[in-house]
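The values are calculated or read from the model by the stated rules, or taken from the named source; none is laboratory data. Quick caveat: nothing in here was measured; it's all calculated off a predicted structure. No Cβ is skipped: glycine too gets one built from the backbone with ideal geometry, and neighbour counts run over all protein chains shown. We work out accessible area using only protein heavy atoms, side chains counted, and drop any ligands, DNA or RNA first. Shrake-Rupley method; radii C 1.70, N 1.55, O 1.52, S 1.80 Å.
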Amino acid sequence: MFELLPGTGLGLPRGAGVVRFGASERAAQWAVATLADVREGWVCGAGWAFGARYEGVELHAYGDTADRLGRTGRDRGGFAGVELRRCPAVPVGPAAVPVVLRGIDVFGYPAAEVLDALGPDPHPAVRWHAERSPGGYLTAVRLLADR
């Protein structure tokens, strides 16, 4: 299972460890590469980005970000955020691999149940993807390093 760990990072399935916020690109890619093929990516304002697909979940990680508003001291070195997105984009049931926040599989239950259990804003660093599938399941979640 993937575990969203606000303030810490992303727990990876199969005992592959935790990608901690602030980790280097190499360390983050190395950890994810133990599960899946890593592909270079691009995120606006980030020094590096990569993606991977594991059991029907796409992972998009990025780091070395600059504050878009130019505020002093708001740049973030190392791993800064990750988005987990379901494949296919229109899920009709639970994901093959759990994506867990505070003990609840956010892709394993209909969105209404997840939001009822966790609330619409479960943590300032967690963002739900606004789009929901016709079957009522969340399609994406983003975890950001605390600012």
Open item on the list: Just to verify a result, which residue in the range 94-108, among those that are in contact (Cβ under 8 Å) with a residue 24 or more places away in the chain and not β-branched (Val, Ile, Thr), is surrounded by the most Cβ atoms within 10 Å (Cβ to Cβ)?
Closed with: 107
Open item on the list: If a residue must be assigned to a loop (DSSP other than H, G, I, E, B) and surrounded by 15 or more Cβ atoms within 10 Å (Cβ to Cβ), how many such residues does the range 30-40 contain?
Closed with: 3
Open item on the list: Suppose we filter the range 12-24 for residues that are open to solvent by less than 20 Å² (accessible area, probe 1.4 Å) and under 13 Å from residue 61 (Cα atoms); how many remain?
Closed with: 2
TODO: Provide a single number: the residues in the range 87-108 that are closer than 13 Å to residue 140 by Cα and modelled with pLDDT under 90.
DONE: 7
- [ ] Return yes or no: is residue 27 of a type in the set (Gly, Ala, Ser), open to solvent by 40 Å² or more (accessible area, probe 1.4 Å) and not in a loop (DSSP other than H, G, I, E, B)?
- [x] yes
Task: Within the range 116-147, tally of residues that are modelled with pLDDT of 80 or more, of a type in the set (Gly, Ala, Ser) and either surrounded by 14 or more Cβ atoms within 10 Å (Cβ to Cβ) or closer than 16 Å to residue 57 by Cβ (or both) - done: 5
TODO: Can you run down the residue pairs with Cβ atoms below 8 Å, 6 or more apart or on separate chains, where the first is in the range 51-64 and more than 13 Å from residue 29 (Cβ to Cβ) and the partner is β-branched (Val, Ile, Thr)?
DONE: 54/97; 55/97; 56/97; 57/97; 57/99
TODO: Would you please list the contacts, defined by Cβ atoms under 6 Å and residues six or more apart or on different chains, that run from a residue in the range 121-147 that is outside any strand (DSSP E or B) to a residue that is at pLDDT 85 or above and basic (Lys, Arg)?
DONE: 139/86
Task: residue 15, sole failed condition from (1) of a type outside the set (D, E, K, R); (2) closer than 24 Å to residue 105 by Cα; (3) at pLDDT below 95; (4) touching a Gly at 6+ places or on another chain (Cβ under 7 Å) - done: (4)
